[in-house]
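Just so it is clear, none of the values below were taken in a lab; they were calculated from the coordinates. A quick note: this is a predicted structure, and the numbers were derived from the prediction, not measured. Quick reminder, even Gly has a Cβ in these numbers, built from the backbone with ideal geometry, and neighbours come from all protein chains shown.
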Amino acid sequence: MARFVWACRARFLILTATVILGGCVPSDRKETGAGSWSGIRIVLDPGHGGRDVGASHEGSLAEKEVVLDIALRVEPILSRKGATVLLTRRTDEFVSLTRRASFGNDSHPTLFVSIHANSCPSAEVNGFEIYYAEDGRERDSVQAANFIQQSLKRATDARDRGIRKFNYAVLARTKCPSVLIEVGYLSNPGEASLLSKSSYRKKVAEGIADGILAYGKTRL
Ligand SMILES: [Zn+2]
């Protein structure tokens with residue numbers, strides 16, 4: 001099944017060499033202010049942007065637009081809870097992996113969440129996947145991935161393609177718990193249709209946010 005994600009994966013691999021390590025440190029009880037959501041810092045990383053369109057469906061539905069819209073819907077759900085939410089981009093702009101990683105590291109987040117949509121040669125493949133990196137922080141990353149997996153499944157009823165290990169640059173180079181969510185396949189007509197609708201993006205956003213909040217609760 002791994003061959004199905006090469007389109008998205010390859011773009012990360014090509015850019016991996018340019019990522020620079022920053023000074024991000026894992027948050028702990030002391031830094032987060034025990035018991036307060038104000039101490040929870042979440043970095044949302046909508047993939048691609050600007051000249052980097054990402055995946056697309058027949059050239060009309062761009063991954064960069066879908067994932068930015070979802071991230072901007074996740075943000076207020078977390079903010080209302082009192083968490084601090086930071087985004088690597090808020091507009092259709094190109095952001096290098098160097099800047100994404102540096103931003104994540106400098107922000108000292110409780111959790112770094114990269115949001116993507118996938119594509120593959122077979123139009124039949126659909127569903128969401130959540131990735132973590134084997135980077136010494138995988139125990140926390142997998143815990144976050146588990147929460148998001150459960151809530152995303154509940155919110156969307158999409159096919160659950162599981163939690164997978166892969167050393168994407170943005171995951172491996174951020175020195176804090178981090179996950180990368182592939183919310184669905186734009187190469188699948190049904191899923192592309194769903195992801196084009198604001199009502200479904202809202203469900204995806206709620207699923208992601210609920211999982212992040214469940215993880216955040218363990219860090220209060
Ligand atoms: Zn992507």
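General observations
- Across all Cα pairs in the range 132-206, the calculated P(r) in 10 Å bins from zero up to the longest distance comes to 19, 44, 30, 7 percent per bin.
- Under the simplified labelling scheme, the Arg51-Leu220 pair shows an inter-label distance of 4.6 nm, with each label point 7 Å from Cα along Cα→Cβ.
- Our note on the geometry: Cα centres of the range 141-213 and the range 79-113, 17 Å apart.
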